[in-house]
1. Label residue 362 and residue 327 with points 7 Å out from Cα along Cα→Cβ: what is the distance between them in nm?
2. How far, in degrees from 0 to 90, does helix 440-449 lean away from the longest principal axis of the Cα atoms of the chain, to the nearest 10?
3. Using a Förster distance of 25 Å, how high is the FRET efficiency between residue 412 and residue 493, based on the Cβ-Cβ distance and rounded to 0.05?
4. Sort 118, 244 by Cβ crowding within 10 Å, fewest neighbours at the top.
5. With a cut-off of 15 Å, note down the residues of region 124-152 whose backbone N falls inside the zone around a label point 7 Å from the Cα of residue 165 toward its beta carbon.
6. Which length gain, in nm to one decimal place, applies between residue 53 and residue 379 when the Cα-Cα distance is subtracted from 0.36 nm times their residue separation?
7. Extending each Cα 7 Å along its Cβ direction at residue 405 and residue 305, get the distance between those two points in nm, one decimal.
8. How do 451, 390 rank when sorted from fewest to most other Cβ atoms within 10 Å of their own Cβ?
Ligand code: BES
Ligand code: MN
Ligand code: ZN
């Protein structure tokens, strides 16, 4: 899709659809504000705003066909919600909702008048990102799938806006939107069509497109690296595991920091011998969302080009029951030599990540961030709207949280006190892979902490947030691409970056 900006008079724009925001300035009945000073637009909107048919409620859609005095074929008044709350997060969502509203009517191109409540470049970036993300569909394998992609969007900005800054912002917004969509398209794939081998191929293809270095390893190398925890999960499956290393190492970047990203890539989690109930098991195709997140984040980083080193490690395998599968009670040895008593084979994510984290450290990471659909317990704790954040380092957690706030992704820090370690102490080995019923998301993170040593580290439990159970006006039900934006923003904020 092409996205351009224009400072023309909105009333004069030739387009199948012109989107204009209407915000609620408070009071009863609410004082409605059309976010445009175009006399022609104000004139056609006035009777609607006075009628009470328009409420300004967030993402409300009111269509006007062939309005007089305006070159556009249609005008869409979109509710922007409370005026004082209108910021880039809302602009991103409204742009996405506009894109989806256009698609629903088979309109391929539209123009959107950007509000001036924030700087034009910031608004343009958010809108471009929202439009690209809003153009994502989940009907990949429907035989009647139409070509429903948008072709062009025009963002209307004030005549005083800095054109170069707006163009750059649009380009960045497209990169971020497309990178999230890549993550979402991977999470959406069924496990028969996205095996560990194919997931690694998709990572490799992304690297080839963006100029990243990429290595893909099979079972022999994984065994050579003594990744006994990772292999113990893989041994039950007929599909071979894959270990993927992606590297972004710009020539002028300082030797340190090296950001190490680690992703859980379970292409299907049946639970293994501790098999899951069949109801809802089909959803476990998205248990590779952590790996998909890192693929999307590396794409964004490769294209935004911060002056900092970033490496990513993906641990890709299925978790299956079979005659060769590991069994409850088995003891496994991770790459760092720690012995693990496997109480529950369904707590497999922490096993593969244990070795992934060790390997990222061995590759030179000075800061670690992992993403994983790790526990049902984080869904109990935080529901569908906040990523669970765990960290062994307050400074890093604060910096990361600042990036999350800036990009509008909701994340919530959880505790990680040493007391919780008691729950994962094993009698036969150093550690066991489950900590009982209570605080399950915390004991899972506590397990990971055993493999990062003193390296500043953040663990993102995205089990509740990587898949939206409900569609929104700006995105369909399904994979969300959560954390890609924050990871990219965080990489761009590291010391050494000029971004
Ligand atoms: N992949 C699951 C966690 C999960 C649950 C992801 C719901 C997305 C939605 C993970 O491997 C798992 O099975 N965790 C177990 C751990 C338990 C056995 C200690 C869980 O949360 O039940
Ligand atoms: Mn599991
Ligand atoms: Zn899992």
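Every number here is computed from the coordinates shown, using simple stated rules; none is lab data. Note that the coordinates shown come from a computational prediction; the quantities given were computed from them, not determined experimentally. All Cβ positions, even for glycine, are placed from backbone atoms using ideal geometry, and neighbour counts span all protein chains on display.
1. Placing both labels 7 Å along Cα→Cβ, they lie 2.9 nm apart.
2. 70 degrees
3. 0.80
4. 118, 244
5. Answer for region 124-152: 124-126.
6. 113.5 nm
7. Each label point lies 7 Å from its Cα, and together they span 3.1 nm.
8. Least to most surrounded, the residues fall as 390, 451.
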